[in-house]
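Inspection log for the structure reproduced underneath, given as structure tokens.
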Amino acid sequence: MAERFLTHLYDAHPAQRVDLLTCYTGEPRNFDRSRGRVISIHGVEATGSRASFLSRLAGGGYNVVAILCANQSIMTSWKWAVGARVPAKLLIVNENADYFWFDTAHISNLGMLIKHRWGTHTGVSLQLGVAVLASPLVYLYLLGNAGWVHARRALRKAITS
């Protein structure tokens, strides 16, 4: 996925510098070292204080932060932290190398990505909504029923002793 996105990025923006934060050792095969650097979260500069590392990234002068969302939980906390701390436009990239800006104009794209991740992009959205709304009521009923049964048991025990 990263290779496809990098190819597209290099073709569309040939003069841009691209730094890559990754959890993998090495670099993607088409990464251009003359136009950026690969930073590993397991490398020396990132293994110290996470807060100071994120502060250095935030001061790096980046215009865009692209987050690769590949439907895996790899580096999720790093992605959220970098997206929140680095003062740059946020670009969301999915596993097909499709992308959109993280802003109010593209909120429907974000909604579709989330629905796809949760498996509700088909016709089960209504079913999921009903389940989410009904589950607190079910839990309250079960707790009330358990309380009623235990109260009756305690009352019976108090009467017979």
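Rule-based calculations on the coordinates, nothing more; no lab input. It should be emphasised that the depicted structure is a prediction, and the values quoted were computed from it without experimental measurement. Because the Cβ atoms are built from the backbone with ideal geometry, glycine has one as well, and the counts that use them run over all protein chains shown.
What ranking, highest mean first, results for peptides 39-49, 134-144 when packing means the other Cβ atoms within 10 Å averaged over each residue?
39-49, 134-144
Work out the length of the dipole vector of the chain about its Cα centre, built from +1 on the beta-carbon of each Lys and Arg and -1 on the beta-carbon of each Asp and Glu, and round it to the nearest 20 debye.
My answer is approximately 880 debye.
Name the residue from LEU142, VAL93, ALA58 whose Cα lies farthest towards the positive end of the charge dipole of the chain, charges +1 on Cβ of Lys and Arg and -1 on Cβ of Asp and Glu.
Most positive-ward Cα: LEU142.
For LYS89, list the lysines whose Cα falls under 19 Å from its own Cα; do not include residues on the same chain fewer than 8 positions away.
Within reach: LYS79.
Classify region 19-62: rounded, prolate or oblate, from the alpha-carbon gyration tensor (a ≥ b ≥ c, eigenvalue square roots; a/c under 1.5 rounded; otherwise prolate if a/b is larger than b/c)?
oblate
Give the residues of region 3-36 whose amide nitrogen is closer than 17 Å to a point set 7 Å from the Cα of ARG50 in the direction of its Cβ.
Those under the cut-off are 21-24.
What does the helix-only formula give at 222 nm for the chain: each DSSP H stretch with n ≥ 4 adding -39500 (n - 2.57), the total divided by the residues, and the result rounded to the nearest 500 deg cm²/dmol?
-16500 deg cm²/dmol
Name all residues of region 87-113 having a backbone nitrogen under 15 Å from the label point set 7 Å from the Cα of VAL64 along its Cα→Cβ direction, giving them as ranges.
Output list for this probe position: 88-94, 97-103.
What's the FRET efficiency of TRP101 with LEU140 using the Cβ-Cβ distance as r and R₀ = 45 Å, to the nearest 0.05?
0.60
For region 78-161, treating each Cα as an identical point scatterer without solvent, what Debye log10 I(q)/I(0) comes out at q = 0.21 1/Å?
Those come out to -1.03, one per q.
What do you get when you divide the Cα radius of gyration of the chain by 2.2 N^0.38 Å, with N the number of residues?
The chain yields a ratio of 1.61.
How high is the FRET efficiency between ARG29 and LEU128 when r is their beta carbon distance and R₀ equals 45 Å, given to the nearest 0.05?
Here the calculated transfer efficiency is 0.70.
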